[in-house]
Amino acid sequence: MHIYMLKNILKKKAITLGEKYEITWQQTMLRIYDPKTTVEFYEKNFGMINLHTYYFNEYNFSLYFLITPPYDEEEKKKLPKPNTKESEKYLWNLNTVCLELTYNHNSKEKLSNGNNENDRGFGHIAFNCHDVEEYCNYLFKEKGVKFHKLPHETKMKTVGFALDPNQYWIEIVKRSNNVPWNHINKDIHNFSQTMLRIKDPEKSLYFYIYILGMKLIYVKHNSDFSLYFLKSNYINNTSSKQLENVENTNLQENNKIYNFNELKNGYQSNEHYEQFKSSWEPVLELTHNHGTEHDQNFAYHNGNVEPRGFGHIGFLVNDIESYCNELKSLNIPFKKELKDGLMHNIAFIYDPDNYLVELIQRDTSFD
């Protein structure tokens, strides 16, 4: 297993590589059993659209990229026709996060949802809605969607957990009442979260903030676990620019030393919570179960050894070759370097918990 030796790096001044290369979170990948059933499930129940599909028949797999369409009608009209050169260009310049569904042809493997004793790591994806109880009842009673837990069955009573056709958990979460799309259509449901369990938040926050350029927007501490919510600052996206209004100035200045305690003890105001609940673009939820950081032998399942399920999250990068060279100078471990394999416009690195992170050259093409 790859372990980051960050003791010396943490003492250095902040290295904002993510900002330098305008890195943005672009995808969450899940392996699936049946593409027809799964794509229809997300289209009919959560309003997603299948923007672009790749059929790599020679390699026995296919990829389906689903997005929540823009809530603004004028922006929605700009969406390209699926499975065209225009849709591919849109995909690899995406200013939000898509759901990448990977179908391995003729595979007989039993997929993992990441929530069992032998495979805990990835937890769930999530969708925001206006009214959790109403929406869950609609999915359960009218659409026949199966649930791991309905709202009244959860500890919080304010969220539900649906199951997709592959048994992945889908958290149903209430969004802020103040979002602009509530005035357009309260029935809009947007892809809103991906949750990963992490062993040591000090290492993980450094990696996602300084190496991948994400912004911490909200922190919630409970008696035995803590939640850290991060988001990318998307290029030419006015909603993302609101991040700067509540950004801790210590994180904006390159001459500040990384201070985990400042992060851990900040980002808990009502303003931060409202920003989190108002986000149109998905956030990355890092869940820390207290005490795991002190157990040298503890490790989460990364989804890429049996039993497999969750695959990776992916980020768009400007000048991926230069970025990868800088990562190598920091001894960031690679699963796949640019020169490896047949695709020289992508690379894979490991995060501190051994989760795979795909790096993709922005504005690339695979056709």
Completion exercise
Here region 353-359 yields Karplus 3J(HN,Hα) values (6.51, -1.76, 1.60; θ = phi - 60°; whole Hz; Gly and Pro given as x) of 9, 6, 5, 7, 10, 8, 10
Practice task
Give the long-range amide H neighbours of His124: residues separated by 5 or more places, or on another chain, with amide H under 5 Å away, using H modelled in the peptide plane at 1.01 Å from N.
Solution key: Met195
Practice task
Can you tell me the FRET efficiency between Asp72 and Asp131 if r is taken as the Cβ-Cβ distance and R0 is 22 Å, rounded to the nearest 0.05?
Solution key: 0.50
Fill in the blank from the handout: Yeah, region 132-241 with a ≥ b ≥ c from its alpha-carbon gyration tensor (a/c under 1.5 is rounded, else prolate when a/b outruns b/c, oblate otherwise) is oblate
Handout entry: Rounded if a/c under 1.5, otherwise prolate or oblate - region 251-362, Cα gyration tensor axes
Key = prolate
Completion exercise
Scoring region 45-162 by relative contact order with C-alpha pairs under 8 Å, at least six apart, yields a percentage of 19
Completion exercise
For region 210-216, Karplus-derived ³J(HN,Hα) couplings (6.51, -1.76, 1.60; θ = phi - 60°; whole Hz; x for glycine and proline) come out as 8, 8, 10, x, 7, 10, 6
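Which value, in debye to the nearest 20, gives the size of the charge dipole of the chain about its Cα centre, when Lys and Arg are +1 and Asp and Glu are -1 at the Cβ?
320
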Practice task
Determine which residues of region 120-157 fall in the zone a paramagnetic label at Phe298 would reach in this model, i.e. backbone nitrogen under 17 Å from the point 7 Å along Cα→Cβ.
Solution key: 120-123
Problem - Potential lengthening between Leu163 and Tyr33 on full extension [0.36 nm per residue; Cα-Cα distance subtracted] - result: 45.4 nm
Practice task
Give the long-range amide H neighbours of Gly160: residues separated by 5 or more places, or on another chain, with amide H under 5 Å away, using H modelled in the peptide plane at 1.01 Å from N.
Solution key: Ile172
Practice task
Kindly provide the helix-only [θ] at 222 nm of the chain, computed as the sum of -39,500 (n - 2.57) over DSSP H runs of four or more divided by all residues, to the nearest 500 deg cm²/dmol?
Solution key: -5000 deg cm²/dmol
Problem - 3J(HN,Hα) from dihedral phi, region 196-202, Karplus parametrisation 6.51/-1.76/1.60, rounded to Hz, x for glycine, proline - result: 10, 7, 10, 7, 9, x, 4
Practice task
Determine the dipole magnitude for region 252-367: charges of +1 sit on the beta-carbon of Lys and Arg, -1 on that of Asp and Glu, nothing else is charged, the reference point is the Cα centre, and the result goes in debye to the nearest 20.
Solution key: 180
Problem - Within region 32-85: Cβ-based charge dipole about Cα centre, in debye rounded to nearest 20 (Lys, Arg +1; Asp, Glu -1) - result: 160
Handout entry: Net length gained if the chain between Glu109 and Lys155 were fully extended (0.36 nm per residue, minus Cα distance)
Key = 13.3 nm
Handout entry: Lys85-Asn185 pseudo-label distance in nm [points 7 Å out on the Cα-to-Cβ vector]
Key = 3.1
Fill in the blank from the handout: Pairs over 29 Å Cα to Cα, from Lys146/Lys174; Lys44/Lys231; Lys76/Lys215; Lys76/Lys264; Lys81/Lys335; Lys36/Lys78, come to Lys76/Lys264; Lys81/Lys335
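Rounded, prolate or oblate for the chain? Axes are the square roots of the Cα gyration tensor eigenvalues, ordered a ≥ b ≥ c, and the cut-off for rounded is a/c under 1.5. Spell out each step's value before the answer.
Details: a/c = 1.28, a/b = 1.13, b/c = 1.13.
The shape class here is rounded.
Any read-out appearing in this document is the output of simple, stated calculations on the displayed coordinates, not a laboratory observation. These figures come from a predicted structure and were not determined experimentally. Cβ coordinates were reconstructed from backbone atoms using ideal geometry, including for glycine residues, and neighbour counts include every protein chain displayed.
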